[in-house]
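Working notes, structure below.
Derivation of every value follows stated rules applied to the coordinates shown; laboratory data play no part. Everything numeric here is computed off the predicted structure, so don't read it as measured data. Note: ideal-geometry Cβ built from the backbone for every residue, glycine included; neighbour counts use all protein chains shown.
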Ligand code: AMP
Ligand code: ZN
């Protein structure tokens, strides 16, 4: 298995896990861009957002709801935060295992790139 996020799920690579359930794992980004920077990933290896199908609607919704819960847990829900998913080359996706970024704890800029 050469996917770094699959290896995190398998606990072959250490991570700061903040949440996990049967469908997803959430851990702190190794190179945080904000005081809170958490990645929410599906346990199943899905290469990118573009690979989601209609059958994955519950999973996609769950990832967003988990991000909301974590925002509350991190104490940033009231102040506001950002959820983003990079997809593909021009979307600047670096790790080819679907992941949602939860960013907050500072005033984010309008720059999405
Ligand atoms: P993206 O550019 O959307 O594909 O984001 C990939 C993210 O994964 C980046 O923010 C990296 O800092 C993060 N990342 C890469 N390797 C690890 C790791 N071993 N543990 C935690 N985060 C990681
Ligand atoms: Zn993977």
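Results, tabulated for the structure shown:
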{"quantity": "Two-site FRET efficiency, residue 30 against residue 89, from Cβ-Cβ distance with R₀ of 22 Å, rounded to 0.05", "calculated": "0.55"}
{"quantity": "Length-normalised contact order of the chain in % [C-alpha pairs under 8 Å, at least 6 apart]", "calculated": "29 percent"}
{"quantity": "Spin-label model distance (nm) - residue 7 vs residue 19, 7 Å beyond Cα toward Cβ", "calculated": "2.6 nm"}
{"quantity": "Debye log10 I(q)/I(0) for the chain, one point scatterer per Cα, at q = 0.16, 0.18, 0.19, 0.20 Å⁻¹", "calculated": "-0.72, -0.92, -1.03, -1.14"}
